[in-house]
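J.: Okay, handing you the structure first.
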Amino acid sequence: MDNHDQKVLHIPSPLWKVMDFMILDKEEEHHKYERLKALQNKKVKFKKGKYHVFAKGHNGNLPMKVELSEDKIVSIEVDDSGESEGIANLVFERLPQDIINGQTLNVDVISGATVTSEGIVQGIADAIEQAGENPDILRARPKPVVQWSNEVIEETTDVVVIGTGGAGLSAASTILDGGQRGDYVRKICCHRR
């Protein structure tokens with residue numbers, strides 16, 4: 001399709017821009033697919049060692065130690081002392097383990113801590129480059145498989161607060177002052193007090 005088609009088909013400009021964005025160059029997409037396929041089939045070979053790098057966190061740089069064997073990410077240590085307590089905890093607990101378990105940099109970022117999540121992934125990519133390998137190989141690997149459960153978990157609580165913004169925190173304070181037990185649900189995860 002070209003601009004002439006837009007006039008003939010009477011497609012409004014805003015919609016045309018969206019459609020134009022969605023139309024892909026087949027040759028370019030084929031090239032991307034072949035590159036991705038080649039990267040997925042490539043074995044990594046690292047210079048074995050511990051690499052000291054920095055991850056860009058929300059509040060500044062976070063020192064990291066990444067240990068690599070000749071073909072695996074062995075360990076990831078992140079000094080999280082510069083980050084806000086509680087907000088990015090899930091990043092430091094889950095993301096390094098997901099990367100090690102899957103041996104991939106293709107992991108989901110943690111909602112609410114996107115900058116820190118992306119910083120940790122980039123820090124590990126920097127360590128991989130220092131070890132003489134292309135981090136795109138690990139970015140091309142599939143994401144870890146999520147194990148879903150249909151198990152029903154029954155919980156007992158006095159009050160459930162949805163959202164931990166100003167109103168949610170005010171409600172939580174009132175609940176705690178009253179000696180009741182509350183569950184607090186927010187977009188990142190759940191908390192029990």
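The values are calculated or read from the model by the stated rules, or taken from the named source; none is laboratory data. Predicted model, so just to flag it, every value in this text is computed and none were measured. Here Cβ is always computed from backbone atoms with ideal geometry, including for glycine, and neighbour counts include all displayed protein chains.
J.: What number of residues in region 71-112 are touching a residue at least 40 places away in the same chain (Cβ under 8 Å) and in contact with a Phe, Trp or Tyr (Cβ under 9 Å, 6 or more places away or on another chain)?
T.: Residues flagged as touching a residue at least 40 places away in the same chain (Cβ under 8 Å) and in contact with a Phe, Trp or Tyr (Cβ under 9 Å, 6 or more places away or on another chain) within region 71-112 amount to 2.
J.: Next up: When only residues in region 140-179 that are in a loop (DSSP other than H, G, I, E, B) and among the small types (Gly, Ala, Ser) count, which is farthest from GLU67 (Cα to Cα)?
T.: GLY178
J.: Out of GLN130, GLN180, which single residue is assigned by the TED database to the domain that holds ILE100, of a type outside the set (D, E, K, R) and touching a residue at least 12 places away in the same chain (Cβ under 8 Å)? Spell out the reasoning first.
T.: Working: GLN180 fails: assigned by the TED database to the domain that holds ILE100.
On inspection, the qualifying residue turns out to be GLN130.
J.: Can I ask one more? Here are some conditions: (1) part of a loop (DSSP other than H, G, I, E, B); (2) over 17 Å from the mean Cα position of the chain (by Cα); (3) within 23 Å of ALA131 (Cβ to Cβ). VAL107 meets all but one. Which one does it not meet?
T.: Result: VAL107 fails condition (2) only.
J.: Pick from GLU118, GLU83, GLU93, GLU129: which is crowded, with 19+ Cβ neighbours inside 10 Å and either assigned to a helix (DSSP H, G or I) or in contact with a Leu (Cβ under 9 Å, 6 or more places away or on another chain) (or both)? It would help to see each step written out before you state the result.
T.: Values: GLU118 fails: crowded, with 19+ Cβ neighbours inside 10 Å; GLU93 fails: crowded, with 19+ Cβ neighbours inside 10 Å; GLU129 fails: crowded, with 19+ Cβ neighbours inside 10 Å.
Of GLU118, GLU83, GLU93, GLU129, the one residue that is crowded, with 19+ Cβ neighbours inside 10 Å and either assigned to a helix (DSSP H, G or I) or in contact with a Leu (Cβ under 9 Å, 6 or more places away or on another chain) (or both) is GLU83.
J.: Would you say THR116 is farther than 30 Å from ASN59 by Cβ, touching a residue at least 12 places away in the same chain (Cβ under 8 Å) and not hydrophobic (A, V, I, L, M, F, W, C)? It would help to see each step written out before you state the result.
T.: Numbers: farther than 30 Å from ASN59 by Cβ: no; touching a residue at least 12 places away in the same chain (Cβ under 8 Å): yes; not hydrophobic (A, V, I, L, M, F, W, C): yes.
So THR116 does not fit the description; no.
J.: Would you point out the residue of region 1-35, among those that are among the β-branched types (Val, Ile, Thr) and under 30 Å from ALA140 (Cβ atoms), that is modelled with the highest pLDDT? It would help to see each step written out before you state the result.
T.: Taking region 1-35 and keeping what is among the β-branched types (Val, Ile, Thr), we get 8, 11, 18, 23.
Restricting the remaining residues to those that are under 30 Å from ALA140 (Cβ atoms) gives 18, 23.
Details: VAL18: 74, ILE23: 68.
For region 1-35, the residue satisfying everything is VAL18.
J.: Assuming ILE137 fulfils every condition listed in (1) closer than 19 Å to GLN40 by Cα; (2) within 15 Å of the chain's Cα centre (by Cα); (3) β-branched (Val, Ile, Thr); (4) assigned to a helix (DSSP H, G or I) apart from one, which condition is it?
T.: In the conditions (1) closer than 19 Å to GLN40 by Cα; (2) within 15 Å of the chain's Cα centre (by Cα); (3) β-branched (Val, Ile, Thr); (4) assigned to a helix (DSSP H, G or I), ILE137 misses (2) alone.
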